[in-house]
Amino acid sequence: MMFSERTLKLAEITVDWLKSRKLRIVTAESCTGGLIAGALTAIPGSSEVVYGGFVTYANEAKQRMINIPGPLIEEYGAVSEQVARAMAAGALETSGADMCISVSGIAGPGGGSVEKPVGLVHFGWAMKGKVHGVEMGGKTHHMKKEFGDIGRDNVRMETLNCALDMVLEMLDGM
């Protein structure tokens, strides 16, 4: 089995909720390398609701595929609130999907610093429509998590599960 039972259950609930609301999702992933889209598409029938995913691991890919301005990356770094938000907005706009979840982080074992340690992940999300009665209109939102230096695979899996939890929270708010 490629994904844990917990991950597959979260993905199944997400796909079911998306179907019930007739919504399509797109992912914009860096540190997870497509794991979020992979988990969603592991669920039969997900083609009805998964638009696709952008694996924008390289900064150049972020710029070319989902229109992240180079100066934004240069000023704040790829692992930042600003870039995670821009990834969500860019993928949402590029795809025409209804909602997007984005992730950018430092999975390790190297690449961390005092300011941006291994295990730091920035999540972004954007959606069309209303959440808790508020018109979203593609506005972006952000969450920062520090999982710690728990190993590359663990950081990526925790990020995946957290991202699916976030999508479910968004859907629950609709």
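Only one of (1) out of contact with any Lys or Arg (no Cβ under 7 Å at 6 or more places or on another chain); (2) within 30 Å of Gly110 (Cβ to Cβ) fails for Leu8. Which number is that?
Leu8 satisfies all of (1) out of contact with any Lys or Arg (no Cβ under 7 Å at 6 or more places or on another chain); (2) within 30 Å of Gly110 (Cβ to Cβ) except (2).
Just for region 65-106: of the residues that are in contact with a strand residue (DSSP E or B) (Cβ under 8 Å, 6 or more places away or on another chain) and assigned to a loop (DSSP other than H, G, I, E, B), which one is farthest from Lys144 (Cα to Cα)? Don't jump to the end; show me each part of the working.
Step one: list which residues in region 65-106 are in contact with a strand residue (DSSP E or B) (Cβ under 8 Å, 6 or more places away or on another chain), which gives 65-66, 78-81, 83-92, 94-106.
When the remaining residues are screened for being assigned to a loop (DSSP other than H, G, I, E, B), the result is 78-80, 96-98, 106.
Working: Ala78: 14, Val79: 10, Ser80: 9, Gly96: 26, Ala97: 24, Asp98: 23, Ile106: 12 Å.
Ranking the candidates gives Gly96 first.
So, in region 87-128, of the ones that are among the charged types (D, E, K, R) and farther than 29 Å from Val49 by Cα, which residue ends up surrounded by the most Cβ atoms within 10 Å (Cβ to Cβ)? Before the answer, list the steps.
Let us first name the residues in region 87-128 that are among the charged types (D, E, K, R), namely 93, 98, 115-116, 128.
Cutting the leftovers down to farther than 29 Å from Val49 by Cα gives us 115-116.
Details: Glu115: 8, Lys116: 17.
Selected residue: Lys116.
Is it the case, given these coordinates, that Thr27 is in contact (Cβ under 8 Å) with a residue 24 or more places away in the chain, more than 16 Å from Ala126 (Cβ to Cβ) and buried (at least 17 other Cβ atoms within 10 Å of the Cβ)?
No; evaluated as a whole, the condition is false for this residue.
When you look at Lys9, is it touching an Asp or Glu at 6+ places or on another chain (Cβ under 7 Å) and surrounded by fewer than 17 Cβ atoms within 10 Å (Cβ to Cβ), yes or no? I'd like the intermediate steps shown before the answer.
Working: touching an Asp or Glu at 6+ places or on another chain (Cβ under 7 Å): no; surrounded by fewer than 17 Cβ atoms within 10 Å (Cβ to Cβ): yes.
Judged against the criteria, Lys9 is not a match.
Could you please give the count of residues in region 49-93 that are within 24 Å of Glu169 (Cβ to Cβ), of a type outside the set (A, V, I, L, M, F, W, C) and touching a helix residue (DSSP H, G or I) at 6+ places or on another chain (Cβ under 9 Å)?
In the first step, residues of region 49-93 are kept if they are within 24 Å of Glu169 (Cβ to Cβ); the result is 49-56, 66, 79-93.
From what is left, the residues that are of a type outside the set (A, V, I, L, M, F, W, C) are 51-53, 56, 80-82, 85, 90, 93.
Adding the requirement that they be touching a helix residue (DSSP H, G or I) at 6+ places or on another chain (Cβ under 9 Å) leaves 51-53, 56, 80, 82, 90, 93.
So the count comes out to 8.
No lab work stands behind these numbers, since they all come straight from the coordinates. Predicted model, so just to flag it, every value in this text is computed and none were measured. Because the Cβ atoms are built from the backbone with ideal geometry, glycine has one as well, and the counts that use them run over all protein chains shown.
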